[in-house]
Protein chains: 4
Amino acid sequence: MSSEPRAGAVEKQTGRLESFSDGVFAVAITLLVFNLQVPQGATSVSALGRALLQHWPSYLTFMTSFATILIMWASHHGIFKLIYKADTPFLFANGLLLLLVTVVPFPTSLVTQYLTTPAAKLACAVYAGVFVVINVAYNLLWWAAVRQRRLLRPAVTPRQVKRLTRHILLGLPVYLLATLLAFWNPYVSLGLCSCLWIFWAFAFYERSPSPRRLAGGQEVETAPESDA
Amino acid sequence: MSSEPRAGAVEKQTGRLESFSDGVFAVAITLLVFNLQVPQGATSVSALGRALLQHWPSYLTFMTSFATILIMWASHHGIFKLIYKADTPFLFANGLLLLLVTVVPFPTSLVTQYLTTPAAKLACAVYAGVFVVINVAYNLLWWAAVRQRRLLRPAVTPRQVKRLTRHILLGLPVYLLATLLAFWNPYVSLGLCSCLWIFWAFAFYERSPSPRRLAGGQEVETAPESDA
Amino acid sequence: MSSEPRAGAVEKQTGRLESFSDGVFAVAITLLVFNLQVPQGATSVSALGRALLQHWPSYLTFMTSFATILIMWASHHGIFKLIYKADTPFLFANGLLLLLVTVVPFPTSLVTQYLTTPAAKLACAVYAGVFVVINVAYNLLWWAAVRQRRLLRPAVTPRQVKRLTRHILLGLPVYLLATLLAFWNPYVSLGLCSCLWIFWAFAFYERSPSPRRLAGGQEVETAPESDA
Amino acid sequence: MSSEPRAGAVEKQTGRLESFSDGVFAVAITLLVFNLQVPQGATSVSALGRALLQHWPSYLTFMTSFATILIMWASHHGIFKLIYKADTPFLFANGLLLLLVTVVPFPTSLVTQYLTTPAAKLACAVYAGVFVVINVAYNLLWWAAVRQRRLLRPAVTPRQVKRLTRHILLGLPVYLLATLLAFWNPYVSLGLCSCLWIFWAFAFYERSPSPRRLAGGQEVETAPESDA
C-alpha cells in the first residue's frame, strides 16, 4: 500500500468484510417474513378475512423490525464509509453486531406471538432489551473505529466523528426507557422504538448534502449517512 | 470526487446499496421454494404421484412469483443503471421496495393454500393487492431518482426517463384490475398478473440494443433494461 | 465504452447479474441443510445413535445435492467468464436456470423422505427429471450466449466454445437415463447422478492450465472452468 | 494478464469464488437463529420468563456456533488474502469447506435439543466431531493453496505460510480431544471448543499490525488475519 490511502485501497481492505456483513443483513431482514403466518383452515372469504385481520400484531412487528434492521444497515454503512481499514477489535465488534442482527427475528417472533396475551409485557421488554444490546454493539464498533484514528480515512473531520458518536449514543437511553416502559405498557414500548426510527429517518434527511455544500465539498465531507 | 462523474465513481457510491439489495432479492426469491411442500405419508408410487399432482397450485404460484421477483430485480437493476448516486428519500424508497420484495413469499403461500378452496377470491385479491403496493413503491423509487435529476447520470436523456416512467406506471392499472377481478374469478386475476410479466418480457426484448444502435451509441443510450 | 472491450468493461456489464446469481446459488445450497432433520425424543445415547444412523438417506441426498449445486455454480461461473455482456434472452435463460437452482431442495427433500419407502422409484425419477430440466436450461443459457457471438469476449476461440458446448450437452443423456433407470432401481439412478459429478470433477481437473500452457497462454485461452 | 500479478488481477481471479463463499457463510450463520425457538403457550409474564430461561442451552449453542462460523469466515478470509488465483483442487477443497459450513446448524440444533437429556454425550461428540472434519477441510484448502506455491501471491513469505499452517493445524488435536471428552462430560467438551475460539481471538489480536511493523511493512507482510 502506498503512503496516501486512495479510494481503491479503501475498497480493497474492507471489501469482503462489507460484502459478508451485507449478506448477513440481507438474510436476517428477509427471514423476518417467517413471522407472517398464513392462516390455516379458513373455509370462506369472510373467515379468511377475519383470520388475516387477527394477525395484525405480526404485520406490526414485521414492519417495525424490518425498518429497524434497515436503519441498522444504513448506520453500518455510514460507519464503514468513514473507515479506511479494519483491525482485530473492529472485526470482532462487527461480529458481535452481526450476531445481534441475526437475533432480531427471535424477539420479533416473540412479540408477534405474545402481544395480545398477558405475557406481552415481558415479550416487549425482551424486544427492547435486545435493541439495547444492539446499540451497545454499535457503540463498541464505532469506538473500535475511532479509538486511534488509525482506521479512519484521513479526510474524516473531528466534527464528523462527534456527530456520528452522538447519533449512535442517542439510541441507548431511548431503548433502555423502552425496555422499562414495556412492563408498564407494551404498546407504548413498541411505539417508542418506532418513534426512534422515525426520528432517525428525519435526522438522516436533514443531513442530506445540500447543493451548496456539494459545490465546494468533498465526498467524505458530506454526512456519512447522506448518500447510500 | 472529481467534478465530472466517471463510471468508477458511479460504482462506488451505490455499490453497497446494490449489493445489499441483491442479497435481499436473492434470499426472497429462494425462499419461495418453501411453497413446494413435499407430500407426507404416500405409501406407493401411484399415491405419491397423485399427491404430487394435487399440489399443482403450489407449482403455479411458485413459478409466477419467481418470475415476478425476477422481473422486479431486472427493473431495480434498470433503475440503478441510470443512477449516479443516492440520497435519503431514494434510500428509504428502496427500503420500502425491499420490504415488499421480502413480503412476496407470504401472499404466494396464501394463494398456494387457498387457490382450490372457497376462500380463493380473497387470497388472490391479497396477492394482486400486494403487487399494487409494490408497483407504488417502484413509482416512488423512480420519482425519488428523477425529481431533481441530481441522482441521474448526466448522460441519461429525457426520452429514456419518459420511457422508464411509462414502463413502471403501466403495472399500476393492471395490478389494480387484477385485484378487483380476483373477487370475480381468481384464475383470471392470476392469469392477468402472468400476462403482465409475459408482456414485460417482450417489452424488454424489443428494447434490446440492435447492432446499428450499438455501433454509434453509447452505453447509457441503450435502454436500461436491455443488457443485464 | 471504448470500441475494444477491456477487463474492467466486462466486469461492469455483468457484475450485478453475477452477484445476484451468486446470492441465489448461495442461499439454495445452504437451504439444503434443512434436509438434515434432528431426531426427536431420543432418551439415551444409543437411541440417539440409532436415530441418527437411520437418517442416512438424508445425509446421502444432502451431499449429492450440495455437490450438484456446487458443480452447477462452477459451470455457471465458467460460462460467465467467457461472456462479455448480457442481452435479454440471456437474462431470461439465466432466470430460468436460477429458478431451477432454487427448486433443487424440493426433489432432494422428496428423495430424503421416500428413499426407503415403496414410493422411492417415483421420488428418484422426479429427482433426476429435475436435473434433466436444469441441463436443458444450461444448454439454453449457453446457446443464448453463443448464438451471435455478440455476447462472447472477443478472445474466446471456437475450440473453447465447442468444448464447453460438448461439456454441457453431456449431462442431458445421462440425466435422461437416470430418470428412466429410477423406475427400475432408485439407487442406481442416484448413483448415476453421482457418477456424473465425479466425472465432471475429473474433467475439470484435466482442463487445469498446465505450466506449459500458462507460459505462452492468455487468461481466456485456458479452459473456463480451470480456475475459479 | 500481465506477467507480474497486480492487486487488480488478484481481485479478478478469485472475486466470484469469494463472493459465493461469503454468501454461503452469511446464510449459514444467519440460519443459526432458527435454534432460538419461541416458547409456545405461556399464559403469564412469569411463565414466559421461566420458559425463556429454560431455553438456555439454545442460547449457549447459538452463540458458540455463531462465534465459530465467524472465526471460520475470518480464517477463510485470511487464506484467500494470500491467494493469487484458484485451481481445481483448491476449488473443490473450498466446496467441501462450504458444505461443512452449511452443516454447522445441524449439530448445533442437535446439541440444543439434547444438552439436558441423557443423550447429551453423543450430541456433543457429534458437534465436536463435525468440527474435526471442518478442520480437516481447512487443512486441505490450505494444502491445496501452498502445495505448489502457484496459487500464492508472490509477496507471501515462507514465514507467513508456516505461521498459518501451524495456526490451522492447531484446531485438529483440540477438536479431537473435545470429541473424546464429550463421552465423559458434554459441558467440558463444549467448553473446550469455546476456549479454542477465545484463544484464536487473542491469537488474532497479537498478530495485529503494530505501528512499527506498519511503517516499514507491506500489506502482505502483516499477518493475514490482522486486517479484515
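The values are calculated or read from the model by the stated rules, or taken from the named source; none is laboratory data. Worth saying up front: this structure is predicted, and the values here are computed from it rather than measured. Cβ: placed from backbone, ideal geometry, glycine included. Neighbour counts: every protein chain shown.
Within region C:141-193, being in contact with a Ser or Thr (Cβ under 6 Å, 6 or more places away or on another chain) and under 22 Å from C:LEU99 (Cα atoms) holds for one residue alone: C:ALA178.
Say whether the condition of being touching a Leu at 6+ places or on another chain (Cβ under 9 Å), of a type in the set (Asp, Glu) and surrounded by fewer than 23 Cβ atoms within 10 Å (Cβ to Cβ) is met by at least one residue in region A:70-93. Within region A:70-93 (the criterion being touching a Leu at 6+ places or on another chain (Cβ under 9 Å), of a type in the set (Asp, Glu) and surrounded by fewer than 23 Cβ atoms within 10 Å (Cβ to Cβ)), the answer is yes, since at least one residue qualifies. Residue pairs, Cβ under 7 Å, 6 or more apart or interchain, first in region A:31-58 and more than 7 Å from chain B (Cβ to nearest Cβ), second assigned to a loop (DSSP other than H, G, I, E, B) and among the hydroxyl-bearing types (Ser, Thr, Tyr). List them. Cβ pairs passing all conditions: A:PRO57/A:THR116.
If the condition is being under 23 Å from A:LEU97 (Cβ atoms) and β-branched (Val, Ile, Thr), then region A:112-132 contributes A:VAL126, A:VAL130, A:VAL132. When you check A:LEU17 against the structure, is it assigned to a helix (DSSP H, G or I), more than 8 Å from chain B (Cβ to nearest Cβ) and within 30 Å of A:ARG153 (Cα to Cα), yes or no? Yes, satisfied. Within region A:71-90, at least one residue is at negative phi, away from chain B (no Cβ under 11 Å) and free of Cβ contacts under 8 Å to residues at least 60 places away in the same chain. When we screen A:LEU97, A:LEU53 for residues that are out of contact with any helix residue (DSSP H, G or I) (no Cβ under 9 Å at 6 or more places or on another chain), under 24 Å from A:CYS124 (Cα atoms) and at pLDDT 85 or above, the only hit is A:LEU53. Listed conditions (1) at pLDDT 65 or above; (2) under 28 Å from D:ASN94 (Cβ atoms); (3) within 21 Å of the chain's Cα centre (by Cα) are all met by C:SER208, apart from (1).
Of all the numbered requirements in (1) of a type in the set (Gly, Ala, Ser); (2) within 19 Å of D:LEU192 (Cβ to Cβ); (3) touching a residue at least 60 places away in the same chain (Cβ under 8 Å), D:GLY171 misses one, and that requirement is (3).
For (1) closer than 30 Å to A:LEU115 by Cβ; (2) in contact with a Ser or Thr (Cβ under 6 Å, 6 or more places away or on another chain); (3) of a type in the set (Asp, Glu), each residue gets a yes or a no:
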residue: D:ALA28; (1), (2), (3): no, yes, no
residue: D:VAL33; (1), (2), (3): yes, yes, no
residue: D:GLN37; (1), (2), (3): yes, no, no
residue: D:ALA42; (1), (2), (3): yes, no, no
residue: D:SER46; (1), (2), (3): yes, no, no
residue: D:HIS55; (1), (2), (3): yes, no, no
residue: D:HIS77; (1), (2), (3): no, no, no
residue: D:THR88; (1), (2), (3): no, yes, no
residue: D:LEU97; (1), (2), (3): no, no, no
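Summed over region C:94-116, the residues that are surrounded by 23 or more Cβ atoms within 10 Å (Cβ to Cβ) and either outside any helix (DSSP H, G or I) or among the aromatic types (Phe, Trp, Tyr) (or both) give a count of 2. For region B:138-156, indicate whether the set of residues that are at pLDDT below 80, of a type in the set (Val, Ile, Thr) and touching a helix residue (DSSP H, G or I) at 6+ places or on another chain (Cβ under 7 Å) is non-empty. Taking every residue of region B:138-156 in turn, at least one turns out to be at pLDDT below 80, of a type in the set (Val, Ile, Thr) and touching a helix residue (DSSP H, G or I) at 6+ places or on another chain (Cβ under 7 Å). Of everything in region A:43-66 that is surrounded by fewer than 21 Cβ atoms within 10 Å (Cβ to Cβ) and touching a Gly at 6+ places or on another chain (Cβ under 9 Å), the residue that is farthest from B:LEU96 (Cα to Cα) is A:ALA47. Restricting to region A:117-146, name every residue that is under 19 Å from D:GLN37 (Cα atoms), more than 10 Å from chain D (Cβ to nearest Cβ), aliphatic (A, V, I, L, M) and surrounded by 23 or more Cβ atoms within 10 Å (Cβ to Cβ). Matches in region A:117-146: A:ALA128 only.
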